[in-house]
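In what follows, a single structure is set out as structure tokens and then discussed.
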Amino acid sequence: MLTAEQLQQEKASKPRPDLFPASVRAAIGRVLGRSMAKHGHPDDSARNPQHPNGTIEAHVASIERHWLAYLSGETTDPGSGEHPLVHAIARMAFIAERDPLLSSQTHGED
């Protein structure tokens, strides 16, 4: 039987995706869903470094476009109706997914 302290340490070591704002997760899901209609499944496009939409350069360019749109006062992407920062976050996630440090980490998910 675990002590209260051990249980707290065990819980602290597990990923907490529930701490990421649900509204942002949902918006990213909508953006990626719409993107599938345009570019195909992310495994075939955004996650594929051989696909023109999946290169680091393409991701960075998209992040910069959406960031600049946000800085200029845009709150709704004209193509999707979502916030431009949601598009930037989605692209950042694809870059982070390729980071060797992140991909080599083990996740203590149950």
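The values are calculated or read from the model by the stated rules, or taken from the named source; none is laboratory data. All of these numbers come straight from a predicted model, not from anything done at the bench. Please note: Cβ atoms are built from the backbone with ideal geometry, for glycine as well, and neighbour counts cover all protein chains shown.
Quick look at the values:
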item	result
Residue within segment 56-72 that is among the hydrophobic types (A, V, I, L, M, F, W, C), closer than 15 Å to Glu97 by Cα and part of a loop (DSSP other than H, G, I, E, B) present	no
Subset of segment 1-38 that is of a type in the set (S, T, N, Q) and either surrounded by 11 or more Cβ atoms within 10 Å (Cβ to Cβ) or at pLDDT below 90 (or both) - its residue that is farthest from Arg91 (Cα to Cα)	Thr3
Subset of segment 58-104 that is out of contact with any helix residue (DSSP H, G or I) (no Cβ under 8 Å at 6 or more places or on another chain) and exposed (fewer than 10 other Cβ atoms within 10 Å of the Cβ) - its residue that is modelled with the lowest pLDDT	Ser104
Any hit, segment 23-36, residues being in contact with an Asp or Glu (Cβ under 8 Å, 6 or more places away or on another chain) and β-branched (Val, Ile, Thr)	yes
Lone qualifier among Pro42, Pro49 - being of a type outside the set (D, E, K, R), under 20 Å from Ser80 (Cα atoms) and surrounded by 10 or more Cβ atoms within 10 Å (Cβ to Cβ)	Pro42
